[in-house]
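Please read the structure below before turning to the comments.
The values are calculated or read from the model by the stated rules, or taken from the named source; none is laboratory data. As the structure is a prediction and not an experimental result, all values here were calculated from the model. Because the Cβ atoms are built from the backbone with ideal geometry, glycine has one as well, and the counts that use them run over all protein chains shown. Only protein heavy atoms, including side chains, enter the accessible area calculation; ligands, DNA and RNA are left aside. Shrake-Rupley method; radii C 1.70, N 1.55, O 1.52, S 1.80 Å.
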Amino acid sequence: MDKLFIFDTTLRDGEQVPGCQLNTIEKIEVAKALEALGVDVIEAGFPVSSPGDFKSVVEISKAVTWPTICALTRAVEKDIEVAAEALKYAKKKRIHTGIGTSDYHIKYKFNSTQDEIIERAIAAVKYAKRYVEDIEFYAEDAGRTDNAYLAKVVQAVINAGATVVNIPDTTGYCLPTEYGAKIKYLIDHVDMKNAILSTHCHQDLGMATANSIMGVLNGARQVEVTINGIGERAGNTSLEEVVMAIKSHKELNIETNINTQKIYPISRMISSLMNMPVQPNKAIVGRNAFAHSSGIHQDGVLKNMSTYEIIDPKEVGIDDNAIVLTARSGRAALKNRLMILGIEVNDDELSDIYQRFLELADRKKDITDEDILILAGKETEKMHRIKLDYLQVVAGIGVRCVANVGIDIAGEKFEASASGNGPVDAAIKAIKQIVRRQTVIQEFLIQAINKGSDDVGKVHMQVEHDGQMYYGFSANTDIVAASAEAFINAINKFVK
């Protein structure tokens, strides 16, 4: 099988999103996770851009063992010198240098000519070659560069010593057929020697993954990607989408080094560290990627997963698919949920519960396990054993966040105090002191119902306990109180 190299630029291109900057410790954590994932090349930063980026490249080079560590530069000698210095501890090192090649860049950005750009490209590659053997050249805005001229640039930098040539669709302009044809043109018109072509596609028109795949099908053997598809503007090509597309289509005879079962955990890590929620309908890693609410789909999936799923969720590190109960759900899905809750019903009982379920689902957006138990006439008092009596929080700028909570557990009163990294963290830590169960919050979503500072906020929380997932929900004008109540709502579902 052909090897496809995965070049991850989450820590460079992905981090260019406003508000997503990471400190060096966080970048090392991400780099180690990327190594465990099986990424071949980690673009660790743009060393000349800031002391922080320089330090991060140095420390990642020390922390990571087998992947190639890559540093970005412009076609400027000082950039290349600084990158080489930052890479001195890397076991495998690569300098990624380049320049714009489209008429837009040549005329408006550089006020130059095509011949001068080629000269600068050759000089940059040769200068970088003094420091490292592995040189990647990027032809910025290659997507809008004339193919014949682009071929001249690619040939020139390969002759100068480039080992990888990156063909970026910098503005996300290309159509998939157009981008694929561009890669094929280069393969057909350039003596590649031992070099390979790389894709680097942006999502401005929503075609980054399609363009990358078309590039691979036409001869590119490296794809440049980010976790969750994060990146400037609309984002970059998503690692998980490309990898799973390749894995799902075995007839392509292409393989990657990615351990796909680690995809979902690293997706959650990046989302948390960068404060970038993953949209629910995001392919592969979105909350709804393996969720089924249509009765027809639910019935098919319950009979055989392959009816509506081309990927086993366990392949990407997700425990199972989700059968979401809504007004569109059928009897099979309701019966399945009742069985999970330990309730056995005959056909007549199921029909009766189902009719009442549909009436409730038409009025209520979120159908919970407690709702199902009520419909089935089961005792639900245990699901309210733990109640929040009171919550007092001290928070602000320049003060330590402290929460005092009072909790009622089956009529017995408990109190606790805790400090935390913010009022919500403090409140949840105080509750944990009382409940004393090992829990991990896997998902924490806040949603405004209306607009305004006095808005009611809804909190959805996914809590892991003893290998199982439990969902909590609450709504309150006080978002800290809603968070505490949602956490308790989840706890009530597993505390006996």
For THR163, solvent-accessible area (1.4 Å; no DNA, RNA or ligand), Å² | 50
Distance from the Cα centre of the range 144-196 to that of the range 210-281, in angstrom?
-> 22
Computed over the Cα atoms, what is the radius of gyration of the chain divided by 2.2 N^0.38 Å, N being its residue count?
-> 1.15
Ratio of Rg to Rh for the range 2-274, alpha carbon only, Kirkwood?
-> 0.94
ARG331 versus GLU116: modelled label distance in nm, points set 7 Å from Cα along the beta carbon direction = 7.8
Among the listed pairs LYS387/LYS458; LYS78/LYS109; LYS62/LYS193, give every one whose C-alpha distance is greater than 21 Å.
-> LYS62/LYS193
Can you figure out the FRET efficiency of LYS91 with ALA283, using R₀ = 45 Å and their beta-carbon distance, to the nearest 0.05?
-> 0.85
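For LYS250 and TYR390, what does the FRET efficiency come to when R0 = 45 Å and r is the distance between their Cβ atoms, rounded to the nearest 0.05? Display every interim value, and only then the final one.
Values: r = 58 Å, r/R0 = 1.30.
After rounding to 0.05, the efficiency reads 0.15.
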Relative contact order, percent, the chain [alpha-carbon distance under 8 Å, six or more residues apart] = 9
Extension gain, LYS314 back to SER50 (0.36 nm per residue minus Cα-Cα distance, nm) | 91.0 nm
Starting from the coordinates of the alpha-carbon atoms of the range 124-265, obtain the Kirkwood hydrodynamic radius over all distinct pairs and give the value in Å to one decimal.
-> 15.4
Note to self, the chain gives a 222 nm [θ] from helices alone (DSSP H runs n ≥ 4, -39500 (n - 2.57) apiece, / all residues, nearest 500) of -11500 deg cm²/dmol
In units of 2.2 N^0.38 Å, the Cα radius of gyration of the range 386-492 is 1.04
Using the alpha-carbon atoms, what tilt in degrees (0 to 90, nearest 10) does helix 208-217 show relative to the longest principal axis of the chain?
-> 50
Where only protein heavy atoms count, and the probe is 1.4 Å, what is the accessible area per residue for the chain in Å²?
-> 47
Name the aspartates and glutamates eligible as straight-distance cross-link partners of LYS413: C-alpha to C-alpha under 15 Å, and not fewer than 8 places from it in the same chain.
-> ASP389
Packing-ranked peptide list from 225-233, 251-259, highest mean Cβ count within 10 angstrom first, is 225-233, 251-259
Accessible area of LEU34 in the full protein assembly, 1.4 Å probe (Å², nearest 10) | 0
Which aspartates and glutamates, on any chain, are close to LYS262 with Cα under 13 Å apart, when same-chain ones fewer than 8 places away are left out?
-> GLU35, GLU240, GLU315, ASP319
Heavy atoms only, probe 1.4 Å: what % of the accessible area of the chain goes to carbon and sulfur, would you let me know?
-> 49
R0 of 60 Å, Cβ-Cβ distance ASP191-THR307: FRET efficiency to nearest 0.05 = 0.75
